[in-house]
1. What three numbers, in Å, describe the spread of the alpha carbons of the chain along their principal axes, ordered from the longest?
2. Between residue 200 and residue 320, with labels modelled 7 Å along Cα→Cβ, what's the label distance in nm to one decimal, could you check?
3. Out of the total accessible area of the range 119-180 (probe 1.4 Å, heavy atoms of protein only), what percent is carbon and sulfur?
4. Per the Cauchy relation, a quarter of the hull surface: what is the mean projected area of the convex hull of the alpha carbons in the range 204-354, in nm²?
5. What is the diffusion coefficient of the range 140-206 in µm²/s, taking the Kirkwood radius over Cα pairs and the Stokes-Einstein relation at 25 °C with a viscosity of 0.890 mPa s?
6. State, to one decimal in nm, how far the label point of residue 340 lies from the label point of residue 47, with both points 7 Å from Cα in the Cβ direction.
7. Send over a whole-number figure in Å² for the accessible area per residue of the range 170-297, probe 1.4 Å.
8. Over the chain, what is the mean sequence separation of C-alpha contacts under 8 Å (at least six apart), divided by residue count, expressed as relative contact order in percent?
Amino acid sequence: MMARITRIVIALWVVAQCVLVAVYFGDQAFLDNDCAEYERQALECYAAGVAYPSEMHQNELWIQSVGMVNYLILQLIFFGTFKFSQILNILLSCGVLWQTMLLARRLFDMRTAQISALLFCLVLSNAFLPIHGLTELPFLFLSLLGFNLSLSERRGIILLAGVCYAVAFTFRPLVLAFVIATLCWYVVRRKWGRVAFLVIPLALFLMCVGMYSRSTTGSFVTSSTTGGFNLLMSANDKADGNPQLHYFYDDSTYLGYIPDMESKSFHEKDSIWRSRAIGWIAEHPADYARLYVSKLSILYYDESWCFPAISSSPERLPRIAYSFVYLLLLPIFAVSLVVRRRFILTPQGLPLLVLLVGSLATCLFTVEPRYHYPYLFAIILWCAALLGMFLKKVPKKTA
C-alpha cells in the first residue's frame, strides 16, 4: 500500500513540475538576478570560445559559480540555447529525490525511504525549484550522489565520489559539509585508505580548475569568490544578517564601499572586503555573535523563497501558507532528534552532521532562507524515520 501511494505521489509531483516549467518556460533569467548573471557570462565565454573564468572577467565584482557558468556554456554548445535548462532541472530534481531515497534506504530502511519520498514531494519548493536557474539543483544532486557513492565499500566507487564532490565544489564550496561528514565516517571506522581515495581525485580535479583560472585571470579560482563580499554584509555597523547589496553601490559611508571599484580586479576587491570584515569582527565580537544566532533563524524560518511573486511579498500569511508543510516538518524534526537520539552517533546521524556543519558554515556569512535547501534532505530523512517508527507501532486491521 505504501509503495503504491509513493509511486502515485511521485508521478503527480513530476507532472506538477512539468506544468510549472511549461508556464514559466524560458523565464529563468527574469526570475533570478543570479541566473541572469550566469547566462551573461556564459554567453561571453561561448562567443569567445573559452571556459569560465576568462581574462574578460578580471574586473568583475567577483567570480560567479564556476561550475554553474560552465554548465550553461555546455548547454550552449550542445543545444544552442538556455531554454532546455529547466527540462534538465526536472531531471536533476528527480535525481535529488532518487538520491534521497537511496540514502534513506541505505542508512534507515525501505519504509523510511518511502515516507521520505512523500515528504519530499509535499514540500512545495521541490516542485517549483526547476523553474529557477539557480545552483541549488545541480549542486545538491552532485553532493548527494557523491555522498551515496562515498558510503560504498568499493574503492573505485569512492574515487567517483571524490570527482562528484570536486565538481559540486565548483558550484558551491559548501559541499565541504558533505566531505567532512564522509571523512568523519571513514575516521570512525578507521578506513584510512578510503580517505586517500576520496581526497586525491577531489584535490586533482580542483587543482586543474585552479590552474586554468590562474592562466586566464592570474588568480587560483576553483569556485565563486563572493566570500569577502558575503562576509562583510554580516560584519558591519548596519548588518542585520540579511543581504545588503544596495549599500555596496549607493552608500559611500558603507564599510564595503570602494570608490574606484571598476579599476580593481575581483581578487583585489575580495581581499579588501575580507580584510575589512575580519577587522570589524575583531572589534565587535559580541555583535557578530548576536548576528550569528539571528542568522540561524533567518536561515530556517521560511520556505517561500522559490515561489514567484510570493518570496518578495511583505505579506506574511501567503509565505506561511506556501511554507506550511516545511514549517510542519521542523517540530517533527525536533521531536525526532529527542525520540531517536540514540541513533545520532550511528550512521543514521551522518545527514545530521552535514546539516550541522553546513548550517554553521553558512551562518558565518550573510544568509537567505534558500541557503538551507541543501540540508533539507537531512530534516526530511529524520522526520521520515520518526513517522516510520510510529507507523510500525500502529496495529494493522485484520479482516
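The values are calculated or read from the model by the stated rules, or taken from the named source; none is laboratory data. Treat the numbers as computed from the prediction; the structure is a model and nothing was measured. Here Cβ is always computed from backbone atoms with ideal geometry, including for glycine, and neighbour counts include all displayed protein chains. We work out accessible area using only protein heavy atoms, side chains counted, and drop any ligands, DNA or RNA first. Shrake-Rupley method; radii C 1.70, N 1.55, O 1.52, S 1.80 Å.
1. 79, 48, 47
2. Once both label points are built, they end up 5.6 nm from each other.
3. Ligands and nucleic acids excluded, carbon and sulfur reach 78 percent.
4. Values: hull surface 54.6 nm².
Quarter of the Cα hull surface area: 13.6 nm².
5. On the way: Rh = 11.2 Å.
Result for D is 218 µm²/s.
6. It is 5.2 nm.
7. In whole numbers, the range 170-297 has 50 Å² accessible per residue.
8. 19 percent
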